[in-house]
Amino acid sequence: MPPRSTLTTEDVLALLNERLSSYEHRPQQIELAHNIERTLSKQQVGIFEAGTGIGKSFAALIPAILSGKKVVVSTATIALQEQYINKDIPALKAVLPFEFEAVLMKGRNNYLGLRRFDDHLLQQAVPDEFLDWVHNTEFGDVSELDFVPPLDVWLEVNSDSDDCFRNRCPRFNDCFYFEAKRRAEKADILVVNHALLLADAASAGNILPSYDVLIVDEAHHLPDVATDVFSNAISNRGVRFAASKALKKVQAPIGLVKDVEYEANEFFQQLAYQFPAIKTRIREPIDGAADFGMTLRQMRRWLEEETFENLLDVGNERERAKLKAKAIISTLSGYINCLELMAKPDPNWVLWAEKGDAVGSKFEVVAAPLDVSGYIESSLLGKAGLSASVWMSATLATGGEDPFAFFKRSCGIEGRVIQAKVDSPFDFEKQALLYLPRNMPEPNSREFLPKACAEIERILEVSDGRAFVLFTSRSALNQSYDYLAPHLPYPTKRQGELPRKKLIEWFRETPKAVLFGTSTFWEGVSVEGEKLSCVIIDRIPFQSPDDPVYEAKCDAMKQEKEWSWFNDLALPHATMRLKQGVGRLIRTKKDVGLVSILDSRMTGKAYGRRILEALPGMRVVRSLNGINSLDDIFNPAAEPEGEDYKSLSNSASPASPSPESWRTKQSEIGEWSTK
C-alpha cells in the first residue's frame, strides 16, 4: 500500500467503497473533499454548505488526515461527536494503510477528580452505585453513568482547575483529566464541542494542545455558543452558594458573609419587584448595583489577602484552602463584572433579568456581548499556529450576491476565503413535495391557528400520520396539540412528555406516529425511511422579538445606515432555521415525503420568495385537491395535473418568482474578499 504522502482523496474513497458495504459513491462528496483539500493546501479559511447526504465528515476528515497535520474537529451536538468518534474515524482507521490516533476531549468538569472525591468521601457518604463506578471507570467521564448523580455532589467531586494541585497532587498519576490531556497531546485528530473550542481560544490555548487545522462542523451554531461562552451572570442562588462556601470552606469572617447574604437578599428582592416579567431587557442603570458590588469586592479582597497561616499545614491544608479561595474569587469576579455593567450599562453589552419562577425565588441577571464576531476573529481565527480552518454545515447559505455574507459577518471572517455551496445528492424534485396552501390568514391574526389546525389535520390524512409537526412557539404547539390530538386517528406525543431521546425512540418504534415539537426538533434529528414521511412547519421561524440579544442587535443595526435589521439579520437567520426544519424530511436517496409550510408570507411577500430560493428544489403544490395519499404524489402514474401542482423548476407565472429563483442554485465556488 502507498504511504500517506502519496495517497489521494480518491484513493481513500475508493478504499471505503471497496471495503465498507454501507459506503455510497457520491460525486458531491468528492467535490467537497477537493474544496477542503484546496483550503488546507492554500492555508486559508474555507466555508462550505454541504447538503444533506453528502457525507461531509468523510469529505473533511480524509484531506485533514492526509495533510499529516494536527487537527481539531469541533461539533455542536453530542450526536455528531459520537458519529465522528464511533463511526467515521473507525471506518477510516480500518481502510488506511497507516496508523493515526483520534480522541474525544471534553470540558474539565466532565471528569472525576480523584483527590476531590477522596476529600468528599471523608465528609459525606455517596451512593453505592456511584462508588462502584469510581472504582471501575477507565476514563472517569460522567457520561459513562447510566444515572444522573446529584448536581451538588458532582460539583464537589469533579475535576476543577481552581482546586487542582497539578503534579503536587497525590492522585496526579491517576488523574482522569490529565490523562485525557496526555491522550489529546499524542492524537492526530481531536474531537471537541464548540464550547470547549471557544473556552480554549479565550484562555489563549491553555486547555487544548496546539493544533494546525480547525474543522468546525455544525458551524451555524458557533456564534450562539460564543455568546454563551463570553457572557457573565449573577443570581440570588449563586451568591448565596458562594457566601456559604466562603464560610464553610475557608472560614471567611461571619460578619462579612452575613453582609453579603443580607445585601443579596435586598438587592434581588428589589430586582424582582422592578422586573416582574419572566424576561426583561435592562436598559437603564440599576440602583444598588454599585453598592452591592463594593460588598462583594470586600469579600474578594479578604480571600485574596488571606494567607491561612492559622491552619496546621498537614496534608497541604493551607494549599487546599488557597485553592478553594481561588475558586470563590473567580466566581465573585464574574458577579462583580456583571454588577459593574448593571451600574453603568455599556452599549457593547446586552443585559436582561430572568425570573425562574412566578415569585422570583430564582432570579438571574445575564450580561452578554452584543457582537461576538470580534471575539471569534481574534481568539479563534487569529489563534497562533493555526494554518487553515474549515467551516461547514448543511445550512450556512442564506441567499443574495454572497450567500455566506450573513455567516461570515456573524463570525468575523474577513479577507479572502474559499467558499462553496455543494448541493445534496438527493433528487428533491422527485423525492419531495412542498405544499404551500392558498388563502391562509396572516400568521399573527386570530384566524391563523384554527385554519392551521384544519390544514394540519388534512395533511396528516394524506401522509397517514408519520409526521413531525414543528412550531416556532411553545404556545402554538400546546394549543394545536390540545385541539388536534384527542381526535387524530394516529398515536401522538408532544415535546416535553418524554426526554428528547425517548421521544425519538418512541417515534421510530410507533407506526403512523405524529410528534408535535418546537426548536429542539428542528435539527439534529434523523429518521430515515417511511417512518417520517411528512414535515409540517407552522410559520417562518423569525427570532422572537423578546429575545434580548436579538432585540439589541436590531436596535444597533437601525442606527447604522449601511445595515438593514430585517434583510441583514432577521431574514438570514430565519432562512437558515427554516432550511434546518425542512431538512428533517429527506435523509436518504430512498426517502420520499411531503413538506408543508403554512405561512402565507412564503408566497405573498417578496422576502418569502427569497427564502424559497434557499430551499431544496422541490415540486410545489398549492392545493391538496385530488391528493388522498403520498402514493398519489410519488406514483408517476397517479401524478396529478393542473395549475395547483407544479415543479419548482417550471412554476413561473405572473404571481410566482422566475423559474431560476424557485430552485436552489447549483454549486457555487470562488474566492471572496469581504470588508
Report yes if Val103 is out of contact with any Ser or Thr (no Cβ under 8 Å at 6 or more places or on another chain) and in contact (Cβ under 8 Å) with a residue 60 or more places away in the chain, otherwise no. yes
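Would you tally the residues in region 371-399 being small (Gly, Ala, Ser) and in a loop (DSSP other than H, G, I, E, B)?
Applying the first criterion (small (Gly, Ala, Ser)) to region 371-399 yields 373-374, 378-379, 382, 384-385, 387-389, 393-394, 397, 399.
After this cut, where a residue has to be in a loop (DSSP other than H, G, I, E, B) as well, the list is 382, 384-385, 387, 394, 397, 399.
The qualifying residues number 7.
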The condition of being farther than 19 Å from Leu323 by Cβ, touching a strand residue (DSSP E or B) at 6+ places or on another chain (Cβ under 8 Å) and among the acidic types (Asp, Glu) holds, among Asp128, Asp132, Asp146, Asp141, only for Asp141
Filter region 93-122 for residues that are in contact with a Cys (Cβ under 9 Å, 6 or more places away or on another chain) and either of a type in the set (Gly, Ala, Ser) or at positive phi (or both) and give the result. Gly113
Is one or more of the residues making up region 231-247 among the small types (Gly, Ala, Ser), touching a strand residue (DSSP E or B) at 6+ places or on another chain (Cβ under 8 Å) and either part of a loop (DSSP other than H, G, I, E, B) or surrounded by 23 or more Cβ atoms within 10 Å (Cβ to Cβ) (or both)? yes
Could you please give the count of residues in region 181-200 that are under 24 Å from the mean Cα position of the chain (by Cα), assigned to a helix (DSSP H, G or I) and closer than 13 Å to Lys106 by Cβ? 7
Region 157-171 - residue that is exposed (fewer than 15 other Cβ atoms within 10 Å of the Cβ) and farther than 25 Å from Pro127 by Cα and, of those, farthest from the chain's Cα centre (by Cα): Arg168
Does at least one position in region 455-473 carry a residue that is outside the structural domain of Gly53 (by TED's automatic domain parsing) and over 23 Å from Ser623 (Cα atoms)? yes
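This table checks each residue for (1) under 30 Å from Glu24 (Cβ atoms); (2) surrounded by 19 or more Cβ atoms within 10 Å (Cβ to Cβ).
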residue	(1), (2)
Ala384	no, no
Ala388	yes, yes
Leu396	yes, yes
Phe406	no, yes
Gly415	no, no
Gln419	yes, yes
Lys430	yes, no
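Would you confirm whether any residue within region 318-330 is within 30 Å of Lys553 (Cα to Cα) and in contact (Cβ under 8 Å) with a residue 60 or more places away in the chain?
Filtering region 318-330 for residues within 30 Å of Lys553 (Cα to Cα) gives 330.
From what's left, in contact (Cβ under 8 Å) with a residue 60 or more places away in the chain: 330.
Within region 318-330 (the criterion being within 30 Å of Lys553 (Cα to Cα) and in contact (Cβ under 8 Å) with a residue 60 or more places away in the chain), the answer is yes, since at least one residue qualifies.
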Name every residue in region 353-369 that is surrounded by 17 or more Cβ atoms within 10 Å (Cβ to Cβ) and either among the aliphatic types (A, V, I, L, M) or over 12 Å from Asn232 (Cβ atoms) (or both), in order of residue number. Ala353, Glu354, Lys355, Gly360, Phe363, Val365, Val366, Ala367, Ala368
Can you pull out the strands (runs of 3 or more DSSP E) entirely within region 474-584 that have at least 2 residues that are farther than 27 Å from Gly617 by Cα? 492-494
Filtering region 407-454 down to residues that are of a type in the set (Gly, Ala, Ser) and under 30 Å from Lys589 (Cα atoms), which residue is farthest from the chain's Cα centre (by Cα)? Ala432
Can you tell me which residues in region 283-311 are in a loop (DSSP other than H, G, I, E, B) and either within 24 Å of Pro548 (Cβ to Cβ) or out of contact with any helix residue (DSSP H, G or I) (no Cβ under 6 Å at 6 or more places or on another chain) (or both)? Arg283, Glu284, Pro285, Ile286, Asp287, Gly288, Glu306, Thr307, Glu309, Asn310
Residues that are surrounded by 21 or more Cβ atoms within 10 Å (Cβ to Cβ) and touching a Pro at 6+ places or on another chain (Cβ under 8 Å), drawn from region 185-216: Leu190
Restricting to region 582-620, name every residue that is surrounded by fewer than 21 Cβ atoms within 10 Å (Cβ to Cβ), among the charged types (D, E, K, R) and within 22 Å of Leu515 (Cβ to Cβ). Arg587, Lys590, Asp591
Say whether the condition of being surrounded by fewer than 14 Cβ atoms within 10 Å (Cβ to Cβ), more than 23 Å from Gln28 (Cα to Cα), in contact with a Ser or Thr (Cβ under 9 Å, 6 or more places away or on another chain) and modelled with pLDDT of 85 or more is met by at least one residue in region 121-144. yes
Output for Cβ contacts, cut-off 7 Å, separation at least six or different chains, first residue under 19 Å from Ser244 (Cβ atoms) and free of Cβ contacts under 8 Å to residues at least 40 places away in the same chain in region 297-310, second among the polar types (S, T, N, Q) and surrounded by fewer than 16 Cβ atoms within 10 Å (Cβ to Cβ), reads Arg300/Ser333
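On the given criteria, is Ala219 small (Gly, Ala, Ser) and not assigned by TED's automatic domain parsing to the domain that holds Asp88? Steps first, answer last, please.
On the way: small (Gly, Ala, Ser): yes; not assigned by TED's automatic domain parsing to the domain that holds Asp88: no.
The answer is no for Ala219.
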Select from region 253-268 the residues that are under 28 Å from Gln123 (Cα atoms) and surrounded by 21 or more Cβ atoms within 10 Å (Cβ to Cβ) and list them in ascending order. Val260
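The values are calculated or read from the model by the stated rules, or taken from the named source; none is laboratory data. Please read these numbers as outputs of a predicted model, since none were measured by experiment. FYI the Cβ positions are ideal-geometry reconstructions off the backbone, even for glycines, and counts take in every protein chain you see.
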